[in-house]
Amino acid sequence: MIEVPAVQPTGEELRSQLGDMTFTSFVELAYRLIGPFGLVLLFAFGLRYADRDQEKVLFAIFVATYVLSGLIGWWLRSTFRRAIKRAPLANQPVDWTLSTEGIGLKAPSMTAHLAWAAVSGIRESRRSFEFRAPPGSDLVLPKRSLAPAQVDELRRLVRQIQAQGWAGSLKLKH
């Protein structure tokens, strides 16, 4: 059993919940934000003027994509900051207990237990362990809250859970 008292992830540590942005996910996000009409319009613009001055058309598409990605990045950051400020546990210390039974969380305003069967994946990053749970409830355990021996103990615990038949995805550093 691993006990970690008074864990309070920072916004930087929680940012990893957005996931890794790849080109494919950027295109999907742009599609969701500007809709199919906007993408068709951009494509039609390219086709309409492609036979005239290709360099200017390509430059315009490049600038539009650059501006769009900047707007999407700004929107994601502002949405993320608002979500963190509104989260009830964002400013409360949470006591963690990790065992072969699952993950226990205790804060001044709540107590919860998450069985390993509810965890769909565990990812170790440079700064934290991320436990993928039901949508909207991913858990982040910062490594700065753990002693070096606890980090190794947590890796052993996760491997033990996997050996017992846990079917989630696992990405550990060591």
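The values are calculated or read from the model by the stated rules, or taken from the named source; none is laboratory data. This structure is a prediction, so every number in the text was calculated from the model and none was measured. Glycine also receives a Cβ, built like all others from the backbone with ideal geometry; neighbour counts cover every protein chain displayed. Keep in mind that these areas ignore ligands, DNA and RNA; they rest on the heavy atoms of the full protein, side chains included. Shrake-Rupley method; radii C 1.70, N 1.55, O 1.52, S 1.80 Å.
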Lone unmet requirement of (1) modelled with pLDDT of 70 or more; (2) surrounded by 13 or more Cβ atoms within 10 Å (Cβ to Cβ) for Ile84: (1)
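Return the residues of the range 94-123 that are hydroxyl-bearing (Ser, Thr, Tyr) and open to solvent by less than 50 Å² (accessible area, probe 1.4 Å); say none if nothing qualifies.
Step one: list which residues in the range 94-123 are hydroxyl-bearing (Ser, Thr, Tyr), which gives 97, 99-100, 109, 111, 120.
Answer for the range 94-123, where residues must be hydroxyl-bearing (Ser, Thr, Tyr) and open to solvent by less than 50 Å² (accessible area, probe 1.4 Å): Thr97, Ser99.
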Tally of residues being part of a helix (DSSP H, G or I), without any contact (Cβ under 8 Å) to a residue 24 or more places away in the chain and under 17 Å from Asp95 (Cβ atoms) across the range 145-174: 0
Test: residue in the range 21-28 that is at pLDDT below 70 and surrounded by 15 or more Cβ atoms within 10 Å (Cβ to Cβ): yes
Contacts under 9 angstrom Cβ, first residue in the range 61-74 being under 18 Å from Arg48 (Cα atoms) and open to solvent by 40 Å² or more (accessible area, probe 1.4 Å), partner among the small types (Gly, Ala, Ser) and part of a helix (DSSP H, G or I), 6 or more apart: Ile61/Gly46; Thr65/Ala30
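Quick one: is Asp138 in contact with a Lys or Arg (Cβ under 7 Å, 6 or more places away or on another chain), over 20 Å from Glu3 (Cβ atoms) and acidic (Asp, Glu)?
Working: in contact with a Lys or Arg (Cβ under 7 Å, 6 or more places away or on another chain): yes; over 20 Å from Glu3 (Cβ atoms): yes; acidic (Asp, Glu): yes.
Here the answer is yes, as Asp138 does meet what is asked.
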Number of positions in the range 91-124 that are in contact with a Ser or Thr (Cβ under 7 Å, 6 or more places away or on another chain) and within 12 Å of Val158 (Cβ to Cβ): 1
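Take the residues of the range 124-144 that are without any contact (Cβ under 8 Å) to a residue 60 or more places away in the chain and of a type in the set (Lys, Arg): which is least open to solvent (accessible area, probe 1.4 Å)? Show your work before the answer.
Step one: list which residues in the range 124-144 are without any contact (Cβ under 8 Å) to a residue 60 or more places away in the chain, which gives 124, 126, 129, 131-137, 139, 143-144.
Imposing the further condition that a residue be of a type in the set (Lys, Arg) reduces the set to 126, 132, 143-144.
Numbers: Arg126: 179, Arg132: 60, Lys143: 39, Arg144: 140 Å².
So, considering only residues that are without any contact (Cβ under 8 Å) to a residue 60 or more places away in the chain and of a type in the set (Lys, Arg), the one least open to solvent (accessible area, probe 1.4 Å) is Lys143.
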Top-ranked residue of the range 145-160 - restricted to ones that are in contact with a Leu (Cβ under 9 Å, 6 or more places away or on another chain) and more than 10 Å from Ile2 (Cβ to Cβ), ranked as most open to solvent (accessible area, probe 1.4 Å): Arg159
Some residue of the range 127-137 being at pLDDT 85 or above, assigned to a loop (DSSP other than H, G, I, E, B) and either among the acidic types (Asp, Glu) or under 17 Å from Leu170 (Cβ atoms) (or both): no
